[in-house]
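Remarks on the structure that follows.
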Amino acid sequence: MADKLDAAWAEAWLRNSAAVVAEHRKELIDLDRAIGDADHGENLDRGFSAVVAKLDESTPETPGACFKLAAMTLMSKVGGAAGPLFGTAYLRAATSVGDAAGLDAAQVAEALAAARDGIVARGKAEVGDKTMIDAWTPAVDAAREAAGAGAGPAEVLEAAAAAAQQGAEATDPLVARKGRASYLAERSAGHRDPGAASSALLLRAAADTAGGKDTAGEGGT
Ligand code: ADP
Ligand code: MG
C-alpha cells in the first residue's frame, strides 16, 4: 500500500464523496427532517456535484489544490450551516498540507485536525453538542493515535473513519446545543445528527479510496 497519498487519491476521494453523498441523499434529508429543515442531503449533493463538475474541467496537481477546489466550491454552492463549515474544513486542510505532492500518515492526521479546528473556529461547537464535531473530534484523536503508532496514511484514515462512524452514532441520544436542531431542545434527542452522519460518510470515503475500496454501492474490491 502506498506510503503517501497523492493528488490522484485526493481527486478520487472527492469523486467518491460525491457518489456516496448522492447515494445517501435521502437518508441525510430524512435525518435533517427529524431535527432540522430537511435540506442537508440536498445541500451536500448539490455541492459535491459541483465539485465533480470542477474536477471535470481541470485536474488539481496536489492534494492541497484538490482540497482548495472543494473548499471554494462547497462554500459557494452549499447553503445553510454546513456549507461554510465544510468549506472551512477543506480550506484548513489545504493550508495544512501546503503544496506537498504526497501526504504521509502524520500529514494526513494533521490535515484532519486542521479541518476539525476550522469547524470549531467557525461554529464554536464542543463535543457533546450534537453536531458534526462529534464525528470529527474522535476521528482526529484516532488518526493521531494511529499515526503516532506508526500506521500508514490509509490506516490512519481507516481509524478516523471508524471513529467518526462511532461518534456519529453516539449523537443519537444527545440533546442539540448548536445549530438549528438546538431549537428543538429535548425533542432533538433520539435522532442522529445529520452533519455528524455526513462527516462519517466523507471520512469513510477517504479511507476506502486510500484502501482501494469502492464506498458507493455494494461490493467493489
Ligand atoms: P442548516 O442547519 O442551516 O439547514 P444543514 O442542514 O446543511 O444546515 O447542516 C446541519 C448540520 O450542520 C448539523 O447536523 C450539524 O452537524 C452542523 N452544524 C450546525 N451548526 C453547527 C455548529 N455551530 N458547529 C458545528 N456543526 C454545526
Ligand atoms: Mg438543514
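All of the numbers you see were taken from the coordinates with simple rules; none came from a lab. Because the structure is a prediction, the values reported are computed rather than measured. In this analysis, Cβ positions are derived from the backbone assuming ideal geometry, glycine residues included, and neighbour counts consider all displayed protein chains.
Cα-based count: Lys pairs in the chain below 22 Å, eight or more positions apart or different chains? Lysine pair count for the chain: 9.
For region 5-210, relative contact order (Cα pairs under 8 Å, six or more residues apart, normalised by length) works out to 23 percent. Using Cβ point charges alone (K and R +1, D and E -1), the dipole size of the chain about the Cα centre works out to roughly 680 debye.
The calculated 222 nm mean residue ellipticity attributable to helices in the chain amounts to -22000 deg cm²/dmol, summing -39500 (n - 2.57) over DSSP H runs of n ≥ 4 and dividing by all residues.
The distance from the alpha carbon centre of region 173-199 to that of region 54-76 is 30 Å, rounded to a whole number. For the chain, the Cα gyration tensor yields ellipsoid semi-axes of 26, 19, 16 Å (square root of five times each eigenvalue, largest first, whole Å).
Could you pull out every whole DSSP H run in the chain that spans at least 30 Å of Cα extent along its own axis and averages -0.5 or higher on the Kyte-Doolittle scale? Membrane-span-like by this rule: not one helix. Taking other Cβ atoms within 10 Å as a rough exposure proxy, D104, D208, D99 sort from fewest to most as D99, D104, D208. Using C-alpha pairs below 8 Å separated by at least 6 residues, the relative contact order for region 82-123 is 57 percent. Across region 155-215, C-alpha contacts under 8 Å between residues 6 or more apart give a mean separation that, scaled by the residue count, equals a relative contact order of 42 percent.
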